[in-house]
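K.L.:
Pasting a structure below so you can have a look.
The values are calculated or read from the model by the stated rules, or taken from the named source; none is laboratory data. Being a predicted model, the structure only gives us computed values, none of them experimental. All Cβ positions, glycine included, derive from the backbone under ideal geometry; neighbour counts span all protein chains shown. To get the accessible areas, we keep the full protein, side chains included, count just its heavy atoms, and leave off ligands, DNA and RNA. Shrake-Rupley method; radii C 1.70, N 1.55, O 1.52, S 1.80 Å.
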Amino acid sequence: MSWPSPPPGPFRRESWRSPLRGPWLASLFGLVLLIGVPIVAVTGFLSYAAYDPALGDNDLTPWAGLFRFYLFEWPTSPVWLYRFSQGVHVIVGFALVPVVLAKLWAVAPKLYDWPPVRSVAQALERINIFLIIGGALFQLATGILNVQYDYIWGFSFYDAHLFGAWVFTAAFVTHAAIKMPTMVRSLRHREADDVPEPADPDALTPTNPAPASLSRRVLLGLVGGASGLLVVLTAGQSIGGPLRRLALLAPRGRSYGEGPNDFQVNMTAENAGISSDDVGPAWRLEVVGTRTVRLSRDDLLAMSQHSEDLPIACVEGWSTLQSWQGVRLADLAALVGRANAPSVFVESIQQGTPFSQTTLNGGQVRDPRSLLALGVNGAELSLDHGFPARVIVPANPGVRNTKWVRRMSFADG
Ligand SMILES: Nc1nc2c(c(=O)[nH]1)N[C@H]1C(S)=C(S)[C@@H](COP(=O)(O)O)O[C@H]1N2
Ligand SMILES: [Mo]
């Protein structure tokens, strides 16, 4: 079969005229992605492990079992582990946006290859390229939107971002392996700034270049500058200090509350549907083990109190370090005869959302720094921060630090 000549427009090589395009430029962006993408991927897969240490009641993902092969019991040390890994995931993810767009621009002529199918190998490679582009844009879009907005999805962000990650990773690894020799070869030779690159087999270099409107160096400066700006506009949410005020792209990473309780709130008591009756004097914590004990807030305050400086670190990348006061999870486990519980299932007063419950693993229960917090920074917990009691566990993702706790069931081990 022979193909007709290319239709007018982008399928014609001569319609691509920027003198900046060429294999060196495409390979340079490729190299940056080759370093950046694995950082985002590894921290992302770590986040999944952190979410589901016991893979118990939290994991509502269909077919999640397929992806559990690498999971391990999430540790409690160092306390900043999730704060760091998820901060890196979100900050580097943002920083890669301009690089991904620049790389797409640099290789755009390839997307309009003519004839569209020449051989089985070429067709497979093209399918793979469309999976990478689709995967990258999907992951960046879902990730960024999740940081910006709450619950705008008709589907679970968590499932979509996880499946997207596997599709993208598989396509990325394949593409990197195929293109490695081309990248290494192309990066060896750099043309003077205002000269088009030599003709290349991938046909990225234009056949009839237009005069340059900006130099390659300026283009690289713009892409790098855009990445740097995105880092400045997000990093404060994880790093804190004066940078926090600059974290405009992380609108939920800012303060909320009064005095000692003046720090981030994602889910307010009002939005969670917590009424003052729920948390009034009639509130009891039900602790279930070999026996069931019902404790008032005063009963809890009469137990041995401990104070720990621990971060809250959200999947969205924001984090904050606070000083928490309350009773040890280990003491509650011992109280109901389950000192060696392999896990505890925690339920909130809040209803009707996966965030209202969590499973913590045995290491998290036994760590003496893991608290059921009654206070923060020396003051009573505010209602928005989880009054009468909330979970706070070192190195734990924020979402597993359940607020407005009503029941803790220590498993039999
Ligand atoms: N009951 C309940 N606990 C919850 C949540 C929630 O929506 N409901 N949000 C979680 C999330 S996603 C985070 S990051 C931490 C901190 O959230 P906050 O800022 O709303 O306190 O609380 C967690 N505990
Ligand atoms: Mo969160």
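K.L.:
Only one of (1) of a type in the set (S, T, N, Q); (2) open to solvent by less than 10 Å² (accessible area, probe 1.4 Å); (3) more than 13 Å from ligand 2 (Cβ to nearest atom) fails for residue 396. Which number is that?
P.N.:
Unmet for residue 396, out of (1) of a type in the set (S, T, N, Q); (2) open to solvent by less than 10 Å² (accessible area, probe 1.4 Å); (3) more than 13 Å from ligand 2 (Cβ to nearest atom): (3).
K.L.:
On to the next question. Under 7 Å by Cβ, and 6 or more places apart or on different chains, what pairs join a residue from region 119-145 that is in contact (Cβ under 8 Å) with a residue 40 or more places away in the chain with one that is outside any helix (DSSP H, G or I)?
P.N.:
Final answer for the pair search is none.
K.L.:
Same structure again: Out of all the residues in region 284-293, is one or more in a loop (DSSP other than H, G, I, E, B), open to solvent by 10 Å² or more (accessible area, probe 1.4 Å) and either within 16 Å of ligand 2 (Cβ to nearest atom) or aliphatic (A, V, I, L, M) (or both)? I'd like the intermediate steps shown before the answer.
P.N.:
The initial filter retains those residues of region 284-293 that are in a loop (DSSP other than H, G, I, E, B), namely 284, 289-291.
Still in the list and also open to solvent by 10 Å² or more (accessible area, probe 1.4 Å): 284, 289-291.
Then keep just the ones that are either within 16 Å of ligand 2 (Cβ to nearest atom) or aliphatic (A, V, I, L, M) (or both); that gives none.
No, region 284-293 contains no residue that is in a loop (DSSP other than H, G, I, E, B), open to solvent by 10 Å² or more (accessible area, probe 1.4 Å) and either within 16 Å of ligand 2 (Cβ to nearest atom) or aliphatic (A, V, I, L, M) (or both).
K.L.:
If residue 93 passes every condition in (1) closer than 30 Å to residue 219 by Cβ; (2) free of Cβ contacts under 8 Å to residues at least 12 places away in the same chain but one, which one does it miss?
P.N.:
Going through the list (1) closer than 30 Å to residue 219 by Cβ; (2) free of Cβ contacts under 8 Å to residues at least 12 places away in the same chain, residue 93 breaks only (2).
K.L.:
In this structure, is residue 322 of a type in the set (S, T, N, Q) and either farther than 16 Å from residue 391 by Cα or within 16 Å of ligand 1 (Cβ to nearest atom) (or both)? Spell out how you get there, then give the answer.
P.N.:
Working: of a type in the set (S, T, N, Q): yes; either farther than 16 Å from residue 391 by Cα or within 16 Å of ligand 1 (Cβ to nearest atom) (or both): yes.
Criteria met by residue 322.
K.L.:
Quick test of your reading of the structure: residue 378 fulfils all but one of (1) touching a residue at least 60 places away in the same chain (Cβ under 8 Å); (2) within 16 Å of ligand 2 (Cβ to nearest atom). Name the failing condition by number.
P.N.:
The number of the failed condition is (2).
K.L.:
Here's another thing I want to ask about it. Against the condition basic (Lys, Arg) and within 16 Å of ligand 2 (Cβ to nearest atom), how does residue 369 come out, does it pass?
P.N.:
Judged against the criteria, residue 369 is not a match.
K.L.:
So residue 376 ticks every box in (1) out of contact with any His (no Cβ under 8 Å at 6 or more places or on another chain); (2) among the aliphatic types (A, V, I, L, M); (3) at pLDDT 95 or above but one. Which box is left unticked?
P.N.:
Checking residue 376 against (1) out of contact with any His (no Cβ under 8 Å at 6 or more places or on another chain); (2) among the aliphatic types (A, V, I, L, M); (3) at pLDDT 95 or above, the one that fails is (1).
K.L.:
I'd like the full set of residues that are of a type in the set (Val, Ile, Thr) and within 16 Å of ligand 2 (Cβ to nearest atom), limited to region 399-413.
P.N.:
As a first pass, look at region 399-413 and keep what is of a type in the set (Val, Ile, Thr): 399, 402, 405.
Of everything in region 399-413, those that are of a type in the set (Val, Ile, Thr) and within 16 Å of ligand 2 (Cβ to nearest atom) turn out to be 399, 402.
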